[in-house]
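S.K.: Before we start, here is the structure in question, set down as structure tokens.
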Amino acid sequence: MGYSNYKKLKQVVDKFGITTQRSQLFAQITPIEPSEWLKQSMNIANLVMLTNEKVKSERLISPILSEVHLLHKHKLSLFSGEELNVDVANDLNGPCDFFFSANPNSYLLTAPIVAFAEAKDENIDYGIAQCTAQMIELNFLTN
């Protein structure tokens, strides 16, 4: 099961002996107006029953990340559902929701990578735990 085994951030912190710190990650980002396509996609998403993680990912997350990719396609590639299998014994393996790779127009997932993990069924701690485990694995890939 890999990353999905991590349901609480404390599990990841205790297992890998890491420390965490909250910070304002996107303080330097200038907001931009969404495209008409993205606005229409979000309006269509409002017509669909968002009853599970898959449909939320397809209708909400994917269009937003696709728009970011479109705006920065000369700098990065967008991936969805790719496997990252670094350390199976420590549950650092399995598919990840979405990635941006700083390798434009690539078919191969290569570092440096930005990984996204969604909050699971409105449980932000589960999403943070899974994303933290993915970041530990990304550290293995880039070192």
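The values are calculated or read from the model by the stated rules, or taken from the named source; none is laboratory data. This is a predicted model, so every value here is computed, not measured. As a convention, Cβ positions derive from the backbone with ideal geometry for all residues, glycine included, and neighbour counts pool all protein chains shown.
S.K.: Please verify whether the stretch 82-94 includes one or more residues that are within 26 Å of P34 (Cβ to Cβ) and out of contact with any Phe, Trp or Tyr (no Cβ under 7 Å at 6 or more places or on another chain).
M.R.: No.
S.K.: Looking only at residues in the stretch 16-36 that are among the hydroxyl-bearing types (S, T, Y) and under 19 Å from the mean Cα position of the chain (by Cα), which one is surrounded by the fewest Cβ atoms within 10 Å (Cβ to Cβ)? Lay out the reasoning, then the answer.
M.R.: From the stretch 16-36, those among the hydroxyl-bearing types (S, T, Y) are 19-20, 23, 30, 35; that's our starting set.
Pick out the ones that are also under 19 Å from the mean Cα position of the chain (by Cα) and you get 20, 23.
Working: T20: 11, S23: 7.
That would be S23.
S.K.: Can you pull out every residue in the stretch 40-91 that is out of contact with any helix residue (DSSP H, G or I) (no Cβ under 6 Å at 6 or more places or on another chain) and of a type in the set (S, T, Y)? Full working, then the answer.
M.R.: Going through the stretch 40-91, the residues out of contact with any helix residue (DSSP H, G or I) (no Cβ under 6 Å at 6 or more places or on another chain) turn out to be 40, 42-44, 46-47, 49, 51-58, 61-62, 64-66, 68-77, 79-83, 85, 87-90.
Hits for the stretch 40-91 are T51, S57, S62, S66, S77, S80.
S.K.: Which number in (1) loosely packed, with under 15 Cβ neighbours inside 10 Å; (2) farther than 16 Å from M135 by Cβ; (3) at pLDDT below 90 marks the one condition that K56 misses?
M.R.: So the condition that K56 fails would be (1).
S.K.: Within the stretch 37-78, can you find the residues that are of a type outside the set (D, E, K, R), in a loop (DSSP other than H, G, I, E, B) and within 19 Å of the chain's Cα centre (by Cα)? Working first, answer last.
M.R.: Let us first name the residues in the stretch 37-78 that are of a type outside the set (D, E, K, R), namely 37-38, 40-52, 55, 57, 60-66, 68-72, 74, 76-78.
Those left that are additionally in a loop (DSSP other than H, G, I, E, B): 46-52, 72, 74, 76.
Within the stretch 37-78, L50, N52, H72, L76 meet the criteria.
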